[in-house]
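Right, I'll just put the structure down here and ask away after.
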Amino acid sequence: MNTQTAESILAKNTRAYQKIQAHFSQTRYKPWPEFALFKKYLHPGMSVLDAGSGNGRLFPEIQDLGIHYTAIDNNASFIEHARARFEHHPSRPVFMVADLRSLPLPDASFDVVFCIAALYHIPSKAFREQAVSEMARVLKPNGVTIMLNWNLWQSRFWKYHLRAIPQLLKRELDIGDCWIPWKNPQGVVQSERFGHAFTKREMRKLFDQAHLTVTTLEFTHHRKGSGGMTANNLLSIAQKNAPPSS
């Protein structure tokens, strides 16, 4: 996929989420089951970045842990919603509009970087590499990045991969890419969101290129099931190696 096509997809995806922001926030506020796993990585005083925070639904799950929370998203509507919701919280969380590929944040400034259901919305291998590299840059030595991405290899998404074949043949999409419809309460499609289906091998390579050491890479299940075809999400955790002592 060339850069121009990828930029066009990013812009379309941003417009899609701006259009559905209100309905999304009404229906996407509950924590994912995996959120319960995250608390063991967090301790009072830590600086935490929520990269691709959406409407900020991670924050309520970790708000009482004594952390310093910063959230970024490229969708101003989501950031405005989160600011309004949490503006009076005593921990004074920070919400910023920013691009995952170019974080306006200092090097080595966060102990933990979360990226929840965001990286798979970024088209092109090059753009995803930029995003992961930026997350690694802002991590402190020995810091941890924790990602969850939808498992788009589930059978319920196959129809969207099939629909993407014409665009794939014209090189308007890459292998694993598809468009996922968003329906309003009446079942009418309002917009489509771009998604990329990650494999474990692909995710490991992204971390390796960013000089992050993978500690966990597994498909997770909200319901009974086994194997990548039935798992809900791909959980990826990696650590930034400390520089060698002189």
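Ignoring ligands, DNA and RNA, what accessible area per residue does the chain give at 1.4 Å, in Å²?
On the way: 12210 Å² over 246 residues.
Per residue, the chain has 50 Å² of solvent-accessible surface.
Within a Cβ distance under 14 Å of PRO106, other residues only, what is the Lys/Arg minus Asp/Glu net charge?
Values: positive: ARG137, LYS140; negative: ASP107, ASP111, GLU134.
Overall, the nearby charge balance is -1.
Now, a different point. Counting DSSP beta bridges in the chain, what percent are antiparallel, to the nearest 5?
Details: 23 of 41 bridges.
Expressed as a percentage, antiparallel bridges in the chain total about 55.
Sort TRP182, TRP158 by heavy-atom solvent-accessible area, probe 1.4 angstrom, most to least.
Working: TRP182 10, TRP158 120 Å².
Most to least solvent-accessible, the answer reads TRP158, TRP182.
By a straight-distance test (C-alpha under 19 Å), which lysines pair with LYS19 as possible cross-link partners, with residues fewer than eight away in the same chain excluded?
Here the lysines satisfying the reach criterion relative to LYS19 are LYS183.
Give the shape of the range 141-195 as rounded, prolate or oblate, defined through the alpha-carbon gyration tensor: a ≥ b ≥ c are the square roots of its eigenvalues, a/c under 1.5 means rounded, and otherwise the shape is prolate if a/b is larger than b/c and oblate if not. Before the final figure, lay out the partial values.
Values: a/c = 2.35, a/b = 1.37, b/c = 1.71.
Because a/c hits 1.5 or more and a/b fails to exceed b/c, the range 141-195 counts as oblate.
The values are calculated or read from the model by the stated rules, or taken from the named source; none is laboratory data. Worth saying up front: this structure is predicted, and the values here are computed from it rather than measured. Glycine gets a Cβ as well: all are built from the backbone with ideal geometry, and neighbour counts include every protein chain shown. Note: accessible area is taken over every heavy atom of the protein model, side chains too, but ligands, DNA and RNA are not part of it. Shrake-Rupley method; radii C 1.70, N 1.55, O 1.52, S 1.80 Å.
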